[in-house]
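Input: a single structure, listed below in structure tokens.
The values are calculated or read from the model by the stated rules, or taken from the named source; none is laboratory data. Note that the structure is predicted; figures quoted are calculated from it, not measured. Neighbour counts run over all protein chains shown; Cβ positions are idealised from the backbone, glycine included. Protein only, heavy atoms only, side chains kept; ligands, DNA and RNA dropped before computing areas. Shrake-Rupley method; radii C 1.70, N 1.55, O 1.52, S 1.80 Å.
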Amino acid sequence: MKEKTSSLKAIGLEALLRRLPDQHPRYADIESELGKTRAGENGERILADVFNKYQFPFEHYIFHDLHLQSTGKFQLDTLFLCQQGAVIFEMKNIAGRISFPETQNQLTRTLENGQVDAFECPSVQLERNKMLLEDWFYAHHMPIPIYQAAVFPRPQQQFENLRKDLTLLFPLEIPVFLRRLSSYHPTIDTPQLTDIANKLTKAHREYNPFPLTDTYGIPRSDLRTGVRCSQCGRFGMQSIYNGWGCPQCGNVDANAHVQAVLEYFMLINYRVSNKECRQFLRLECRQKVKRILMQLGVPCEGKNKGRLYVADLKLIRELNDLIRSKVTK
């Protein structure tokens with residue numbers, strides 16, 4: 001019902017790191033956040049692959065990266081829906097030796113170099129998401145059983161002091177777990193199952209992490225401005241008759257501005273005036289900026305000096321896809 005899509009947050013964090021000076025006080029924090037986001041993304045792909053490879057001989061619906069709101073907003077890595085109930089799977093892509101302290105709602109991981117880090121226990125997150133999903137079902141007059149499991153990607157991973165209230169699975173154990181669940185007595189009939197799946201699909205709202213400078217409390221003035229050269233990495237490509245030219249390496253790129261406009265929307269604001277865009281691109285020509293924004297299909301509102309160009313998540317994803325398609329070619 002809902003496939004796994006690429007993470008705009010990771011793409012935005014990569015852009016934020018490029019535009020922050022290396023000595024910026026938040027640089028290491030953003031670098032760490034990007035690492036966690038990538039690890040989570042990789043884990044979720046492993047989880048999605050399980051459901052792409054296996055067929056289940058009973059009616060079911062699968063949702064990846066589902067964002068809902070009931071008594072609070074919440075995100076589910078994978079939700080599996082069948083006549084026996086709903087199953088929440090949360091992927092935990094955490095390397096190292098894992099331990100669950102008895103007196104704390106935490107897990108700790110120990111790396112080979114002896115470094116110890118603490119994380120929220122998956123049982124806490126799963127219980128929180130179960131409660132919010134229960135609230136969603138009750139609000140839609142659909143009380144059904146909810147099961148949950150944490151998934152770790154590496155079967156060779158070592159665990160200590162496993163919690164009794166936590167179902168822990170490796171990816172290849174998921175099909176067995178679900179087939180066993182399918183042997184339980186059904187609690188909803190086929191029409192109800194289809195109705196729930198359709199309502200979940202309609203209720204999904206894509207997560208919007210932007211603008212990242214607001215999310216992480218970074219002054220917008222701290223960011224490097226200018227169009228970045230994809231060849232040498234220098235900011236400050238110059239506008240020339242056939243696009244953009246790099247004064248450092250001589251690279252010419254007809255579409256270098258697309259990345260810069262995308263980064264403005266991800267990092268600074270989803271609204272931009274002609275003047276703000278000129279300042280960010282380091283351009284003087286008002287007409288060229290107007291032409292750039294119109295060619296990229298950025299909708300506008302207002303007139304004359306009060307005109308603003310407004311992006312949404314759909315446009316941000318389209319601009320990113322446009323950049324990727326040109327890089328691939």
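In order along the stretch 205-212, the Karplus-derived 3J(HN,Hα) couplings, from 6.51 cos²θ - 1.76 cosθ + 1.60 at θ = phi - 60°, round to 10, 4, 5, 10, x, 9, x, 5 Hz, and Gly and Pro are given as x.
The phi torsions of the stretch 271-284, fed into the Karplus equation with coefficients 6.51, -1.76 and 1.60 and a -60° offset, translate into couplings of 10, 8, 8, 4, 5, 4, 5, 4, 5, 6, 7, 6, 10, 9 Hz, rounded to whole numbers, with Gly and Pro shown as x. Percentage of Cα-Cα pair distances in the chain greater than 24 Å, rounded to whole percent? Cα-Cα pairs in the chain separated by more than 24 Å: 63 percent. Computed from backbone phi with θ = phi - 60° and the Karplus coefficients 6.51, -1.76 and 1.60, the 3J(HN,Hα) list for the stretch 115-126 is 5, 10, 10, 10, 9, 5, 5, x, 5, 5, 4, 5 Hz; x is used for glycine and proline. The lysines within cross-link reach of K275, meaning a Cα-to-Cα straight distance under 30 Å and a gap of 8 or more places when in the same chain, are K9, K288, K290, K303, K305, K314, K326.
Taking a point 7 Å from the Cα of D189 along the Cα-to-Cβ direction, the residues of the stretch 65-108 with backbone N closer than 17 Å to it are 83-85. The lysine pair count for the stretch 25-168, using Cα distances under 22 Å and pairs eight or more places apart or on different chains, is 8. Summarised in one figure, the compactness ratio Rg/Rh of the stretch 1-151, Cα atoms and Kirkwood Rh, is 1.01.
In deg cm²/dmol, rounded to 500, what helix-only [θ] at 222 nm does the chain give when every DSSP H run of at least 4 residues adds -39500 (n - 2.57) and the total is split over its residues? Walk me through the intermediate numbers first.
Working: 10 runs with 130 residues, N = 329.
The per-residue figure over the chain is -12500 deg cm²/dmol.
In the chain, the sites counted are GluC sites (Glu not before Pro) in DSSP loop states with at most 13 other Cβ atoms within 10 Å, and the longest stretch holding none of them, exclusive of the sites, is 4-101.
When the Kirkwood radius is taken over all Cα pairs of the stretch 218-326, what Stokes-Einstein diffusion coefficient follows at 37 °C and 0.692 mPa s, in µm²/s?
Numbers: Rh = 14.2 Å.
Here the translational diffusion coefficient equals 231 µm²/s.
Left without a cysteine partner by the 4.7 Å Cβ rule in the chain: C82, C121, C277, C285, C300.
Among K164, K314, the sequence by solvent-accessible area, most first, with a 1.4 Å probe is K164, K314. In this structure, E160 and R26 have a Cβ-Cβ separation that, at R0 = 25 Å, corresponds to a calculated FRET efficiency of about 0.15.
Of L168, L107, the order by accessible heavy-atom surface (1.4 Å probe, DNA, RNA and ligands excluded), from most exposed downward, is L168, L107. Per-residue packing, averaged as other Cβ atoms within 10 Å, sorts the ranges 141-152, 236-247 into the order 141-152, 236-247, beginning with the highest.
Projecting label points 7 angstrom from Cα along Cα→Cβ for R18 and N198 puts them 4.3 nm apart.
State to the nearest 20 debye the size of the charge dipole of the stretch 137-277 about its Cα centre, where the only charges are +1 on K and R beta carbons and -1 on D and E beta carbons.
Roughly 60 debye, rounded to the nearest 20.
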